[in-house]
Structures are given as C-alpha cells and as structure tokens.
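So the structure is just underneath, and the comments pick up after that.
The values are calculated or read from the model by the stated rules, or taken from the named source; none is laboratory data. Remember, predicted model here, so these are calculated numbers, not experimental data. As a convention, Cβ positions derive from the backbone with ideal geometry for all residues, glycine included, and neighbour counts pool all protein chains shown. To get the accessible areas, we keep the full protein, side chains included, count just its heavy atoms, and leave off ligands, DNA and RNA. Shrake-Rupley method; radii C 1.70, N 1.55, O 1.52, S 1.80 Å.
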Amino acid sequence: MIDIAWNGIEANQRCGAWYADPTRARPEFVYFKSTDGHYGIWDFNLRRANLHLLPIIQASKGMLLVDSTRRGKSIPDALSKTIPLWCAVINGAQTQRRNRNRIAITTRIPERESLYNEDAWEEYGKRIFIPPDVISESERAQMEERLPELVNKFL
C-alpha cells in the first residue's frame, strides 16, 4: 500500500486501485489506458482526457499516480508513455494558447511583447519528457512528430 500524507494521490483505474490506500487516495475517476501509448498508436483519447486532474495538479503542485504492471516489466506503459504523452499534449495546447494570447496582447500593447517572446515556451510545447532508458530515442522522436496532430485534435 502507498501511504503518503499528501493530497495529490490518484489511483489509475484497474491496476492502480489495488495499491492505493482508498482512505488517502482522491476519489476522482482517473483512467490512463496503456494502449494509448503503445508503439505506433500514440494517441490522446478525448473520452479519457482526464482534464479534471488539471486543477488538482495545480492545487497540489503535482500528483502521484499509482499504477502497476505485470511481472517482468520495470514500469507500466501508462506511466512510461501514455501519461508523458498526455502531459506533452496539455503543454502543447497551453503553448498554442499562450502564443495566441501573445499575438493578441502584443498587437494592442507592443511594450509587453518581451513577456511572451520566450523560445523556451515554444520548445516546451513540442517536447515529450520521458525518463531516460525507458524508450528508445527513435520512439520518443516519433511520438514528438505526432504531437502537433494530437494537440490539434485536443483543441
């Protein structure tokens, strides 16, 4: 059992629910399906968008998602691929929104342009962050190629 005194504990449906203490885990339904991150599939499923997590993550300054996998695997696919892809899509959507706001604001208030002209934000919305040695660099690059399509699907 996971026993951490923190408000941001969520159990991924099915396997994660077995290992999270129900008295400590949040009651919201969370479902990141591992197949959304499987090789060549890499999808952002709008029926399982889990957008209700965003205010929880913001308020708790993070979130601990409990999940499990079969014997012999070091990390569940949902944690190694699906959730990093979800985060990248959310970040990409925020970057596009920020860029749209920047254009609108700088059109009206040119002196504020420097506040929104950050190359780091532009790069942040185009990358997927996955722990090293979890997937190959080639697979990560292929996932990143799909990001613009997935962000547009989400928006």
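Laid out as a table, the results:
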| item | result |
| --- | --- |
| Every residue from region 70-97 that is under 26 Å from Tyr19 (Cβ atoms) and either in a loop (DSSP other than H, G, I, E, B) or hydroxyl-bearing (Ser, Thr, Tyr) (or both) | Arg70, Arg71, Gly72, Lys73, Ser74, Ile75, Pro76, Ser80, Thr82 |
| Candidate set from region 1-38 (those that are charged (D, E, K, R) and in a loop (DSSP other than H, G, I, E, B)); member that is modelled with the lowest pLDDT | Asp3 |
| Restricting region 60-79 to residues that are open to solvent by 50 Å² or more (accessible area, probe 1.4 Å) and of a type in the set (Gly, Ala, Ser), the residue that is nearest to the chain's Cα centre (by Cα) | Ser74 |
| Filtered residues of region 16-34 (kept if open to solvent by less than 50 Å² (accessible area, probe 1.4 Å) and touching a residue at least 24 places away in the same chain (Cβ under 8 Å)) | Gly16, Ala20, Ala25, Val30, Phe32, Ser34 |
